[in-house]
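The values are calculated or read from the model by the stated rules, or taken from the named source; none is laboratory data. Computed from a predicted structure; not experimentally measured. Please note: Cβ atoms are built from the backbone with ideal geometry, for glycine as well, and neighbour counts cover all protein chains shown.
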């Protein structure tokens with residue numbers, strides 16, 4: 001099935017609006033959405049079972065969320081994590097790089113809150 | 001800055017809108033990659049000759065691959081150009097990066113061999129190149145006085 005991913009970002013400063021946007025048509029096998037509450041330990045949102053094309057995450061809480069992606073190449077483990085501030089949206093693409101040159105398809109996607117608990121809305125396109 | 005992402009397919013729609021407060025300046029940029037790892041969004045003008053702003057970091061950076069069919073490689077880097085990570089995005093897929101805003105973690109990105117890492121590096125610039133063929137990237141950078 002085809003899934004459409006639409007993106008837009010805009011900001012108005014001094015009566016001038018700057019924007020950027022895109023639309024992608026993805027040949028998807030499934031699209032799922034949901035909500036997960038995470039605490040201060042990394043908790044799994046999605047696994048490598050059925051590789052993902054894009055995972056969109058929305059931090060609905062009042063504190064930062066860290067998204068950890070596990071990159072594995074043969075026997076070497078590498079991790080990359082990215083911030084989602086309160087009310088922020090993040091897209092985890094299908095392929096990421098670590099600073100040690102370790103690359104690979106994303107194995108697992110995990111999230112944790114900076115403190116307390118946070119609800120994360122997610123949409124996974126496989 | 002307002003960011004909206006929607007996913008739709010037959011019988012299904014998911015849409016969320018985010019708001020990043022207190023953005024006081026912004027930069028838009030369109031760049032064609034014609035050599036390896038062109039750099040934009042940087043603050044280290046003397047080092048890389050690409051200074052588009054003078055803030056210490058990018059509060060929120062949005063980048064899309066607007067090329068025709070190529071895979072875009074995007075690297076994030078901190079002061080001095082040290083790479084902190086990166087992504088490969090096909091056409092139409094956005095890449096969004098933030099920096100710490102005082103609501104928990106101290107930075108926007110980290111990489112390493114520890115599975116307990118949290119974001120500690122403030123992204124100062126975005127660097128991009130193509131994995132295959134030439135590519136075009138469009139970017140919108142949101143900047144704050146504290147970023």
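Just so you know, in region A:1-42 the residues that are modelled with pLDDT of 95 or more and part of a loop (DSSP other than H, G, I, E, B) include one that is nearest to the other protein chains (Cβ to nearest Cβ), and it is A:42. For region B:1-15, a tally of residues being within 16 Å of residue A:9 (Cβ to Cβ) and not in a strand (DSSP E or B) returns 1. When you look at residue B:19, is it modelled with pLDDT of 70 or more, over 12 Å from the mean Cα position of the chain (by Cα) and at negative phi, yes or no? Against the criterion (modelled with pLDDT of 70 or more, over 12 Å from the mean Cα position of the chain (by Cα) and at negative phi), residue B:19 qualifies.
Residues of region B:60-72 that are in contact with a strand residue (DSSP E or B) (Cβ under 7 Å, 6 or more places away or on another chain) and either surrounded by fewer than 24 Cβ atoms within 10 Å (Cβ to Cβ) or part of a loop (DSSP other than H, G, I, E, B) (or both): B:66, B:67, B:70, B:71.
Considering region A:70-87 alone, what residues qualify as being crowded, with 24+ Cβ neighbours inside 10 Å and at pLDDT 90 or above? Across region A:70-87, the qualifying residues are A:81, A:82, A:83, A:84, A:85.
Scan region A:88-106 for residues that are within 15 Å of residue B:87 (Cβ to Cβ), surrounded by fewer than 23 Cβ atoms within 10 Å (Cβ to Cβ) and at pLDDT below 85 and the total you get is 9.
Inspection of region B:102-112 identifies at least one residue that is surrounded by 15 or more Cβ atoms within 10 Å (Cβ to Cβ), within 11 Å of the chain's Cα centre (by Cα) and either outside any strand (DSSP E or B) or modelled with pLDDT of 75 or more (or both). Restrict the check to region A:65-86 and report whether at least one residue is part of a loop (DSSP other than H, G, I, E, B) and closer than 19 Å to residue B:4 by Cβ. Yes, there is a match, as at least one residue in region A:65-86 is part of a loop (DSSP other than H, G, I, E, B) and closer than 19 Å to residue B:4 by Cβ. All conditions but one from (1) within 9 Å of chain A (Cβ to nearest Cβ); (2) within 25 Å of residue B:4 (Cβ to Cβ); (3) part of a loop (DSSP other than H, G, I, E, B) apply to residue B:118; the one that does not is (2).
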